[in-house]
Amino acid sequence: MNPTEYFHQLNNDYIAVHGPKEELFWTTYMGISDDHSSCAAAETRWNEFIANGQRIPELREQLANLQKLTLTPELQQIKKGLEGWLTMYESNAIESDSAQQQKAQLIKAEAVLFEKRQKYAMHYTDAQGVKIEASMGVLRANIYSDKSEAVRKSSHQALLALEDWVLDNGYIELVKQRNQFARSLGFSNFFDYSVEKTEQMSTQQLFTILDDFELLTRDRNLQSI
């Protein structure tokens with residue numbers, strides 16, 4: 001398979017895995033479907049796809065093959081695309097079988113918690129004392145802008161109750177699983193792992209940027225209070 005064929009095949013493989021994953025995610029997220037097991041399975045297939053370390057030497061070989069050719073404008077684009085895929089795989093590859101199994105278990109645990117959360121209803125009390133079901137967005141808007149103290153207070157209490165519910169329904173164990181997975185890959189915790197893989201920087205570098213941003217915007221934020 002030449003570099004162009006390899007690139008197009010990889011793109012097609014990506015679409016075949018990513019398309020169903022996105023469709024299942026959004027139908028379950030929006031409450032159109034409750035097929036959480038299929039959603040978790042599709043997420044697992046997607047993670048296996050982007051974590052496939054065997055792609056790295058393949059991509060390097062295809063890029064080396066390109067160097068032997070006269071790079072036309074079309075091949076320049078193929079080269080750029082292959083380099084993008086290589087960067088993606090170098091960021092996401094999980095070579096350890098144990099870590100791959102932990103990642104699969106994480107996805108299942110996240111799916112279970114998400115399914116429970118969808119079934120958890122939140123409510124606030126309106127100015128007439130009527131209990132009304134509401135989303136997090138509505139509750140936050142009530143807290144910020146509603147004239148009724150009863151509405152603001154009950155909306156705040158609903159969000160506090162959600163915090164307790166999350167802690168009582170597996171989130172702490174999920175955090176432990178995430179950190180265990182990250183440590184198996186040499187990171188201190190899951191946050192460090194996520195920042196390095198997603199942003200291509202260390203946590204220290206990220207907080208240097210955020211600290212600088214906070215300092216530059218501090219006065220204006222205080223003025224807005």
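Every number here is computed from the coordinates shown, using simple stated rules; none is lab data. Everything numeric in this text was worked out from a predicted model, so none of it was measured. Here Cβ is always computed from backbone atoms with ideal geometry, including for glycine, and neighbour counts include all displayed protein chains.
Listing for the model above:
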item: Choice from 92, 142, 11 showing the highest fluctuation, given a GNM over the chain with Cα pairs closer than 10 Å; result: 142
item: Residue order, fewest to most beta carbons within 10 Å, for 217, 28; result: 217, 28
item: Cut-off 15 Å between beta-carbons: net charge of the residues surrounding residue 148, Lys and Arg +1, Asp and Glu -1; result: +1
item: Residue exposure sequence - 10, 206, 82, 69 - by fewest surrounding Cβ within 10 Å; result: 69, 206, 10, 82
item: Kirkwood Rh and Cα Rg combined as Rg/Rh, the range 120-168; result: 0.96
item: Translational D in µm²/s for the chain (Stokes-Einstein at 37 °C, 0.692 mPa s, Kirkwood Rh from C-alpha pairs); result: 153 µm²/s
item: Expected-Rg normalisation [2.2 N^0.38 Å, Cα atoms] applied to the range 1-114; result: 1.27
item: D (Stokes-Einstein, µm²/s), Kirkwood Cα radius, the range 61-131, 1.567 mPa s at 4 °C; result: 75 µm²/s
item: Violating pairs (Cα-Cα greater than 23 angstrom) within the set 176/197; 21/197; 153/176; 108/176; result: 153/176
item: Reachable aspartates and glutamates, given that their alpha-carbon falls under 15 Å from the alpha-carbon of residue 131 and they are not under 8 places away in the same chain; result: 149
item: Most mobile of 141, 41, 158 in a GNM of the chain (Cα contacts under 10 Å); result: 141
item: Reciprocal mean inverse distance between Cα atoms of the range 180-225 - Kirkwood radius, Å; result: 12.1 Å
item: The chain, helix-only ellipticity at 222 nm - DSSP H runs n ≥ 4, -39,500 (n - 2.57), divided by all residues, nearest 500; result: -26000 deg cm²/dmol
